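First up is the structure itself, then whatever we jot down about it.
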Amino acid sequence: MSSPDSLPPGQKAISNFIIYRILGQPEVSLSSWRLRIVGDVSKSLTYTYDDLLKMIDTSYISDFHCVTGWSVRNVMWEGVSLRRITIEAQPSKNVEWVYVRSLDKYTTIIPYEDFINERSLLVLRINGKPLSLEQGFPARIFIPHLYGWKSAKWVTEILFTKEYKDGYWEALGYHHRGNVWKEERFK
Ligand SMILES: Nc1nc2c(c(=O)[nH]1)N[C@H]1C(S)=C(S)[C@@H](COP(=O)(O)O)O[C@H]1N2
Ligand SMILES: [Mo]
């Protein structure tokens, strides 16, 4: 069985993130950037970067795992609890999926249950500094128990929905959930 300190099966520690931007590096304009919470919710919400900075409520140290087999250990994550944002938006009882869209047109899908895990985070700061442009500034998702492709960078829209639909990697055969401890790499 795994001790709290062990890596998930099939992962190896490396010391730095490998930067991925499969659809290229988007241009970020902070004055026009918004995070929108939409879909099957009672209250659609729109946040500016300044709104989110004021809402930072969570920080912890946790490892990051890419499905290609690398992990970065002991990263300090800071941001806004996704559960808190979800409670504000009041999704309908039928919601089962959360579809995330980014500035670069990257998308991913996350099961609602994982999205509202108490550790699931809208990340604004990594290792004590604001996210760098290449690491997803202004904001990215982080869910410690899911593979890194669910950690959408440059996120702009969070859509609550009953219907499953593939995001970028899911359409290429990657798993609908992607739990690292269960090695849910592929469908
Ligand atoms: N918008 C966007 N988000 C993304 C990706 C991407 O290409 N575009 N790659 C994903 C993958 S596969 C991984 S492993 C992590 C890598 O995070 P990093 O670039 O900060 O190392 O970002 C994820 N989020
Ligand atoms: Mo990845």
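Residue check: residue 8 meets all listed conditions (1) in contact (Cβ under 8 Å) with a residue 12 or more places away in the chain; (2) away from ligand 1 (no atom under 16 Å from the Cβ) but one, namely (2).
Would you mind stating whether residue 117 is polar (S, T, N, Q) and within 14 Å of ligand 1 (Cβ to nearest atom)? If you could, list the steps in order and put the result at the bottom.
Details: polar (S, T, N, Q): yes; within 14 Å of ligand 1 (Cβ to nearest atom): no.
No: the conditions fail for residue 117.
Looking only at the stretch 107-125, which residues are within 16 Å of ligand 2 (Cβ to nearest atom) and closer than 21 Å to residue 162 by Cβ?
Filtering the stretch 107-125 for residues within 16 Å of ligand 2 (Cβ to nearest atom) gives 107-110, 123.
Scanning the stretch 107-125 gives 107, 108, 109, 110.
Looking at 14, 56, 85, 61, just one residue is modelled with pLDDT of 95 or more, within 27 Å of residue 166 (Cβ to Cβ) and not polar (S, T, N, Q), and that residue is 85. Taking the criterion of being crowded, with 18+ Cβ neighbours inside 10 Å and more than 10 Å from ligand 1 (Cβ to nearest atom), the residues of the stretch 102-113 that qualify are 109, 110, 111.
Consider the stretch 128-142 and keep the residues that are of a type outside the set (Phe, Trp, Tyr) and buried (at least 22 other Cβ atoms within 10 Å of the Cβ). The one that is nearest to residue 22 (Cα to Cα) is 136. Tallying residues that are farther than 23 Å from residue 7 by Cα and away from ligand 2 (no atom under 14 Å from the Cβ) within the stretch 126-154 yields 11. Considering only residues that are out of contact with any helix residue (DSSP H, G or I) (no Cβ under 6 Å at 6 or more places or on another chain) and in contact (Cβ under 8 Å) with a residue 24 or more places away in the chain, which ones fall in the stretch 68-81? Hits for the stretch 68-81 are 69, 70, 71, 72, 73, 75, 76, 77, 78, 79, 81. Taking the stated definitions as given, is residue 183 surrounded by fewer than 19 Cβ atoms within 10 Å (Cβ to Cβ), in contact (Cβ under 8 Å) with a residue 60 or more places away in the chain, within 16 Å of ligand 2 (Cβ to nearest atom) and of a type outside the set (Lys, Arg)? Answer is yes for this residue.
Tell me, please, whether a residue that is modelled with pLDDT of 95 or more, part of a loop (DSSP other than H, G, I, E, B) and touching a strand residue (DSSP E or B) at 6+ places or on another chain (Cβ under 8 Å) can be found in the stretch 27-35. Taking every residue of the stretch 27-35 in turn, at least one turns out to be modelled with pLDDT of 95 or more, part of a loop (DSSP other than H, G, I, E, B) and touching a strand residue (DSSP E or B) at 6+ places or on another chain (Cβ under 8 Å). Going through (1) of a type outside the set (Phe, Trp, Tyr); (2) out of contact with any strand residue (DSSP E or B) (no Cβ under 7 Å at 6 or more places or on another chain); (3) crowded, with 23+ Cβ neighbours inside 10 Å one by one, residue 94 falls short only on (3). Looking only at residues in the stretch 155-176 that are within 13 Å of ligand 2 (Cβ to nearest atom) and assigned to a loop (DSSP other than H, G, I, E, B), the one that is farthest from residue 24 (Cα to Cα) is 175. Would you point out which residue out of 83, 73 is more than 16 Å from ligand 1 (Cβ to nearest atom) and either under 27 Å from residue 12 (Cβ atoms) or touching a Ser or Thr at 6+ places or on another chain (Cβ under 7 Å) (or both)? Exactly one of 83, 73 is more than 16 Å from ligand 1 (Cβ to nearest atom) and either under 27 Å from residue 12 (Cβ atoms) or touching a Ser or Thr at 6+ places or on another chain (Cβ under 7 Å) (or both), namely 83.
The values are calculated or read from the model by the stated rules, or taken from the named source; none is laboratory data. Since this is a predicted model, take the numbers as computed values, not measurements. Cβ sites come from the backbone with ideal geometry, for glycine too, and all protein chains shown count toward neighbours.
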